[in-house]
Amino acid sequence: MRWSLKLGKIAGIRLYLHWTFLLLLAFVFYVDLGEGIGLSGAAQRVIFVVTLFGCIVLHELGHALAARRYGISTRDITLLPIGGVARMERMPREPKQELWVAIAGPLVNVAIAAGLLLVLLAILAIHTRFLVSQLGFARSLMFMNLFLACFNLLPAFPMDGGRVLRALLAHRLDYVRATRIAARIGQAMAIIFVIVGLKIRHPMLMLIDVFIFFGGRNEAHIVEVGRKLEAAEPARQYSPNYFLRG
Ligand code: ZN
């Protein structure tokens, strides 16, 4: 992705940081300082956001490694203020495989939350002063991971839950029709998100709306065009890049 800084490679997949992500960190720091929580309090919130995005990288890696099992490679993972985006060479056509690829990301967040719960219980059992002071950090991270898993599983195609829905529909219906229905439900969800985003004044939710609304429509279009091209030229598999946002 353009305007991105290469951070390195995980499991052979290039990891990038989009420059707008640095703007997000600066924004968090500025807002927290304005709230009067002091320099160290604001720095701690920035560390929290960075740690949370570390969890998001693991979420994307969950998708990428599940896809690899089905012979699909992931070109790269980029961190944006709206979350991580994994760029895959294609999506599996087999509904069961798409279901596993889509659900692998949220499952990683559930696993992290379960691990953090064990850490919290251990801290409470050991009860040293330093560790108890870190309780809030671990607890917030646990709840944010649970939130990420639930939010991504909402049936808002092309988000993870929407892909799960498409896979379930495609199990019984024609693939193009299943995609069209999932995209329509996704667009209805995007409208609900706009209303909620306006009400709670959440700019990130509004940006995610744009991704869902246009991303879903775009993918439904790609699937329809792909079907026509494959009908005209059966030997050729039409497979543009797919973006998974987590
Ligand atoms: Zn995801």
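The values are calculated or read from the model by the stated rules, or taken from the named source; none is laboratory data. A quick note: this is a predicted structure, and the numbers were derived from the prediction, not measured. As a convention, Cβ positions derive from the backbone with ideal geometry for all residues, glycine included, and neighbour counts pool all protein chains shown. Heads up: the accessible areas ignore ligands, DNA and RNA and are worked out on the full protein's heavy atoms, side chains in. Shrake-Rupley method; radii C 1.70, N 1.55, O 1.52, S 1.80 Å.
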Neighbour-limited loop hits for trypsin sites (Lys or Arg not before Pro), segment 1-68 (at most 13 other Cβ within 10 Å; DSSP other than H, G, I, E, B): Arg2
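Please find the FRET efficiency linking Val119 to Arg184, where r is the Cβ-Cβ separation and R0 is fixed at 45 Å, and quote it to the nearest 0.05. Working shown, then result.
Working: r = 42 Å, r/R0 = 0.93.
It comes to 0.60.
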Two-site label geometry, Ala231 and His171: point separation in nm, points 7 Å out along Cα→Cβ: 2.7 nm
Taking 0.36 nm per residue of separation and subtracting the Cα-Cα distance, what length does fully extending Ser40 through Met206 add? 56.8 nm
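How would Tyr30, Tyr175 rank on accessible area, largest to smallest, probe 1.4 Å? Could the numbers behind the result be given before it?
Details: Tyr30 170, Tyr175 30 Å².
Result of the area sort, largest leading: Tyr30, Tyr175.
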Considering every pair of different Cα atoms, what Kirkwood radius, in Å, is found for segment 1-111? 15.1 Å
Protection proxy (average C-beta count within 10 Å per residue), highest first, orders 181-190, 223-232 as 181-190, 223-232
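Hey, can you find the accessible area per residue of segment 107-161 for me, probe 1.4 Å, expressed in square angstrom? Let's see the in-between values first.
Details: 2950 Å² over 55 residues.
For segment 107-161, the per-residue accessible area is 54 Å².
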Whole angstrom only: what separates the Cα centroid of segment 131-166 from the Cα centroid of segment 185-201? 18 Å
Work out how far the C-alpha atoms of segment 64-202 reach from end to end along every principal axis, then list the three figures in whole Å, largest first. 59, 41, 28
Spin-label zone in segment 46-60 - amide nitrogen under 18 Å from a point set 7 Å from the Cα of Val110 along the C-beta vector: 56, 58-60
Rolling a 1.4 angstrom probe over the protein chains, ignoring ligands and nucleic acids, what is the accessible area of Phe53 in square angstrom, nearest 10? 20 Å²
Alpha-carbon spread of the chain, three principal axes, descending order, Å: 68, 37, 33
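Which value at 222 nm does the chain reach when only helices count, each DSSP H run of 4 or more adding -39,500 (n - 2.57), with the total divided by all residues and rounded to the nearest 500 deg cm²/dmol? Please list the in-between numbers first.
On the way: 8 runs with 172 residues, N = 246.
When only DSSP H runs of four or more count, the value is -24500 deg cm²/dmol.
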Diffing segment 172-182: the Karplus 3J(HN,Hα) column from phi (6.51, -1.76, 1.60, θ = phi - 60°), in whole Hz with x for Gly and Pro, holds 10, 9, 5, 4, 5, 5, 4, 5, 4, 5, 4
Measuring from label point to label point, each 7 Å out along Cα→Cβ, what is the Arg2 to Ser140 span in nm? 3.6 nm
